[in-house]
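Worksheet: one structure, shown below.
Each value in this text was obtained by applying a stated rule to the coordinates, not by laboratory testing. Owing to the predicted nature of the structure, the values given are computational and were not obtained by experimental measurement. Here the Cβ positions follow ideal geometry from the backbone for every residue, glycine too, while neighbour counts run over all protein chains shown.
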Amino acid sequence: MTTKLTVTRPGALTTIQDAGRQGHAHLGVPRSGALDAPAMDLANRLAGNPEGSAVLETTLTGCALRPDRPVTIVVGGAPCPVTVDGRPVPWGAPVRVPAGAVLDAGPATTGLRSYLAVSGGIEVDPVLGSRATDLLSGLGPDPLTEGAVLPVGRAHPVPVLPAAAPWPAPPAELVLPVRLGPRADWFTQDGLRTFLTAAFTVSAHSNRIGLRTEGPSLERVSEGELPSEGMVLGAVQVPPDGRPVVFLHDHPTTGGYPVIAVVAPEALAAAAQAAPGIPVRFTPSR
Amino acid sequence: MSGGLVVRSVGRRALLVELPDAERTGALHAELLRRRAAGTLPPVAEIVPGARTVLLDGVPEPASLARRLADWDVPLAPPADGDVVTVPVVYDGPDLADVAALWGVAEDEVGALHSSYTYRVAFCGFAPGFGYLTGLPEELHVPRRATPRTRVPAGSVALAGPYSAVYPRATPGGWQIIGTMPDPSVLWDPARERAALLSPGVRVRYQLLSRGSAPDPAPQSPEGLGLPGARGTS
């Protein structure tokens with residue numbers, strides 16, 4: 001018999017995520033997958049899951065689940081109060097949840113996205129090799145709704161824990177190392193200087209597609225659109241309003257606005273945890 | 001390769017190869033696929049064509065690949081023996097009159113003209129399985145609609161700029177809709193081995209259907225296109 005989780009509180013936006021779908025960008029299929037991949041990986045490891053097992057990714061307000069059989073769940077990523085039937089239990093460590101009890105991952109105290117790894121993984125049907133919800137093109141399972149039922153795979157033995165797990169703290173300031181190009185030549189010297197020196201903030205309009213910024217507008221050499229070209233994860237695209245957008249995992253595969261620079265991929269986990277209002281700086285790197 | 005190939009770095013693990021026109025872009029894309037199939041291309045996770053570029057993403061050694069690309073001899077004409085897909089169309093779109101006026105022909109001549117060319121999927125984007133088809137002569141290029149529609153039905157055959165497309169599913173859209181593909185479910189099916197019917201490099205012919213006539217059972221596709229059962233995604 002398969003263990004099932006019933007969603008008793010879906011939260012603002014909770015999606016199923018894994019390592020995403022690669023190799024389909026030429027068909028217009030975004031890569032998708034967990035925005036804070038290191039947090040997903042650590043939660044999976046603590047739950048005894050193999051790398052790439054599907055987890056839940058919450059947004060700011062957490063979510064709550066009721067298993068029909070006893071399961072082990074790890075809540076990681078953005079720190080948040082975790083309870084089982086109202087009693088506090090640890091965040092960032094395996095928690096045994098009895099059948100019929102409700103595990104509630106509360107609102108993030110810092111950061112933005114918490115990850116719930118269930119021992120055995122969430123076993124919805126994969127689409128193009130991945131169980132990830134892709135919010136740009138609608139591939140994969142829908143975001144969680146109240147009453148939705150999620151199948152869980154066969155549980156793995158939960159490993160013996162080290163005394164402490166290396167959870168990075170969500171950033172108070174987001175510093176994004178970038179390499180200029182491929183379209184830095186679309187911007188004036190002033191525009192480039194502004195990009196690399198100005199203080200931006202994370203916009204409330206950010207989502208899984210892109211981290212939008214507020215701040216000064218970057219001056220371009222000329223107006224007009226580029227012929228559509230392929231886009232990479234971490235591309236910093238500058239739409240006509242001049243405010244940089246950092247492409248996250250659900251980004252479109254092609255686009256017509258110039259990419260001024262690309263963020264080093266290892267910095268994107270911090271970007272996934274940067275809540276609206278947090279200061280952002282772009283710094284040159286090799 | 002001659003003809004103004006420019007290679008730009010994209011972060012630490014990708015290259016954007018820029019070409020002077022759509023024809024050379026298609027040729028380079030075909031050459032990349034040929035070399036990958038032959039096992040002579042260094043590791044590349046994604047090969048993503050654009051209008052005048054090919055993005056190579058997930059490249060462990062981009063500097064070395066960039067140097068090698070400069071020496072490639074790429075035949076200009078893409079091979080003529082590639083896949084050809086036939087897309088049946090009833091030319092009944094809401095923008096038929098506008099397009100007829102822009103083309104300077106009668107409304108009932110739009111379909112005959114549009115279906116008289118062979119197209120090629122230059123690149124995909126916008127939505128899974130949404131192909132941008134080139135092949136319409138320049139004098140027939142039309143602008144996007146001034147006001148985009150909030151919902152363009154699946155199967156809509158539409159034009160914008162140098163491109164022609166068939167919407168794999170209902171989305172908002174600003175293209176000029178000239179017709180309808182009767183069974184659009186074959187355009188995109190992630191459960192199928194080849195999820196997208198119109199993937200980059202595929203050649204396309206539109207087949208004019210008279211209004212109310214029964215369409216062909218399915219787009220005729222050559223062997224090897226991998227369309228078992230042409231299952232719909234509903």
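Just to be sure I understand the model, the point goes 7 Å from the Cα along the line to the Cβ. What's the resulting B:ARG68 to B:SER210 distance in nm? Using points 7 Å along Cα→Cβ, the separation is 5.6 nm. Within segment A:100-240, the ratio Rg/Rh, alpha carbon atoms throughout and Rh by Kirkwood, equals 1.05.
Size descriptors for chain B: radius of gyration and Dmax over Cα atoms are 18.6, 57 Å.
Average the reciprocal distances over every distinct pair of alpha-carbons in segment A:243-286, invert the result, and give the Kirkwood radius in Å.
Numbers: mean 1/r = 0.0822 Å⁻¹.
Every distinct Cα pair counted, the radius reaches 12.2 Å.
Classify segment A:7-58 as rounded, prolate or oblate from the Cα gyration tensor: take a ≥ b ≥ c as the square roots of its eigenvalues, call it rounded if a/c is under 1.5, otherwise prolate when a/b beats b/c and oblate if not. Show your work: numbers first, answer last.
On the way: a/c = 2.62, a/b = 1.30, b/c = 2.01.
Verdict is oblate for segment A:7-58.
Derived from the Cα gyration tensor, the three semi-axes of the equivalent ellipsoid of chain A are 36, 19, 15 Å, largest first. Remark: C-alpha extents of segment A:74-121 on the principal axes read 30, 24, 14 Å, sorted largest to smallest. Could you tally the net charge around A:PRO30, taking each other residue with its Cβ under 11 Å from the Cβ of A:PRO30, Lys/Arg +1 and Asp/Glu -1? With Lys, Arg at +1 and Asp, Glu at -1, the neighbours total +1. The loop-placed GluC sites (Glu not before Pro) in segment A:211-286, going by DSSP, that have at most 11 neighbouring Cβ atoms within 10 Å of their Cβ come out as A:GLU223, A:GLU225.
The Cβ shell under 10 Å around A:ARG21 holds other residues with a net charge of 0, Lys and Arg each +1, Asp and Glu each -1. Counting every other Cβ atom within 10 Å of each residue's Cβ, A:CYS80, A:CYS63, B:CYS124 order from fewest to most as A:CYS80, A:CYS63, B:CYS124. Across segment A:1-48, the mean sequence separation of Cα contacts (distance under 8 Å, 6 or more residues apart), normalised by length, yields a relative contact order of 26 percent. For segment B:1-124, just say rounded, prolate or oblate: build the C-alpha gyration tensor, square-root its eigenvalues into a ≥ b ≥ c, call rounded for a/c under 1.5, and beyond that prolate if a/b exceeds b/c, oblate if not. Taking the square roots of the gyration eigenvalues as a ≥ b ≥ c, segment B:1-124 is prolate.
Would segment B:137-184 count as rounded, prolate or oblate if I go by the C-alpha gyration tensor, calling it rounded below 1.5 in a/c and otherwise prolate when a/b exceeds b/c, oblate otherwise? Cα axes put segment B:137-184 in the oblate bin. Quick one: net charge of A:PRO67's neighbours, Cβ under 11 Å, K/R +1, D/E -1? The answer is +3.
Run the numbers on segment A:216-286 and let me know its relative contact order in percent, using alpha-carbon pairs under 8 Å that are six or more apart.
Details: 84 pairs, mean separation 21.5, N = 71.
Taking the mean separation of contacting Cα pairs over the length of segment A:216-286, I get 30 percent.
Between the amide H of B:VAL10 and those of B:LEU15, B:LEU16, distances stay under 5 Å, these residues lying 5 or more places away or on another chain, with hydrogens modeled in the peptide plane.
Using only DSSP helix segments of four residues or longer, with each worth -39500 (n - 2.57), what per-residue ellipticity at 222 nm results for chain A after dividing by its residue count and rounding to 500?
On the way: 3 runs with 24 residues, N = 286.
That comes out to -2000 deg cm²/dmol.
Between B:ALA106, B:ALA97, B:ALA165, the residue with the greatest mean-square fluctuation in the GNM of chain B (Cα pairs under 10 Å linked by springs) is B:ALA106.
Rounded to a whole number, what is D in µm²/s for segment A:46-168 from Stokes-Einstein with the Kirkwood radius over alpha-carbon pairs (4 °C, 1.567 mPa s)? Please report the intermediate quantities before stating the final value.
On the way: Rh = 14.9 Å.
Translational D for this selection: 87 µm²/s.
Measuring max minus min along each principal axis, the C-alpha atoms of segment B:71-173 give extents of 47, 30, 25 Å (largest first).
Ordering B:ASP83, A:ASP190 from the fewest to the most neighbouring beta carbons within 10 Å gives A:ASP190, B:ASP83. For the pair A:ALA264 and A:SER222, label points projected 7 Å from Cα toward Cβ lie 3.5 nm apart. For segment A:114-186, the normalised intensity computed at q = 0.12, 0.16, 0.28 Å⁻¹ comes to -0.68, -0.95, -1.29 (log10 of I(q)/I(0), Debye sum over alpha carbons, equal scatterers, no solvent). Each Cα pair of the protein assembly as shown feeds into the Kirkwood radius, which the Stokes-Einstein equation turns, at 4 °C and 1.567 mPa s, into a diffusion coefficient of 53 µm²/s. How far apart, in nanometres, would the label points at B:ALA37 and A:ARG69 be if each is projected 7 angstrom from Cα along the Cα-to-Cβ direction? Distance between the two pseudo-spin positions: 4.7 nm. When A:MET231, B:MET181, A:MET1 are sorted by how many other C-beta atoms sit within 10 angstrom of their C-beta, beginning with the fewest, the order is A:MET1, B:MET181, A:MET231.
For segment A:183-266, the spread of Cα coordinates along the three principal axes comes to 30, 29, 22 Å, biggest extent given first. In the elastic network of chain A, a GNM with C-alpha springs shorter than 10 Å, the most mobile of A:THR197, A:THR14, A:THR72 is A:THR197. When chain A is treated as a GNM with alpha-carbon contacts under 10 Å, the residue of A:GLY215, A:GLY92, A:GLY33 showing the greatest mean-square fluctuation is A:GLY215.
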